[in-house]
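Asker: One structure follows; several queries about it will come next.
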Amino acid sequence: MEKHQKGSDGRRLFSAEFKQEAVRRVTSGEVTAAELSRELGIQPSLLQHWKRRINGGGRVAVTANEDVVPISELKARDQRIRELERALGRKTMEVEILQAARDEIKKSLIGTALSRNDKSSYRSDLSHAGSGSRDAVSRYYGSSGAICEG
């Protein structure tokens, strides 16, 4: 077999190919699990764990008629999905803010246009109405000059 890298905690790190080869040797009858575990210096339970993972993943994939995807690839895809969802949320919020700003600008432009166009015509119309014209204008425009509702 081959030399193994060591993790930061001192444990040996076995590659996927190494694990598959070890399980293949046991399942083909080349060696027993006990012999291989002594040869590799690992616990027999770790070898059984590898065997369950390899066989279990394949069984699930065959049952579902799908490919076996490594967990690292699945985690990377999940992380990418989370990033995209966050970006979509930010863009959705930006669109909502811009739409609200657009609506406020439209309202203010309409109000400005009404006050420019209609104010003079209403004042001239009301000037012919008699003594109550000033009260009618102030009720329509309010004290600030903005159009009052109601």
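The values are calculated or read from the model by the stated rules, or taken from the named source; none is laboratory data. Given the structure is predicted, the values throughout are model-derived calculations rather than measurements. Quick reminder, even Gly has a Cβ in these numbers, built from the backbone with ideal geometry, and neighbours come from all protein chains shown.
Asker: Quick check on my filter: what residues within the range 70-99 are of a type in the set (Val, Ile, Thr) and closer than 30 Å to ASN55 by Cα?
Answerer: ILE71, ILE81
Asker: Looking at ARG38, ARG86 in this structure, which one is surrounded by 12 or more Cβ atoms within 10 Å (Cβ to Cβ) and modelled with pLDDT of 90 or more?
Answerer: ARG38
Residue-by-condition table, conditions (1) among the charged types (D, E, K, R); (2) closer than 22 Å to ALA22 by Cβ; (3) at pLDDT below 85:
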| site | (1), (2), (3) |
| --- | --- |
| VAL60 | no, yes, yes |
| ARG102 | yes, no, no |
| ILE105 | no, no, no |
| ALA113 | no, no, yes |
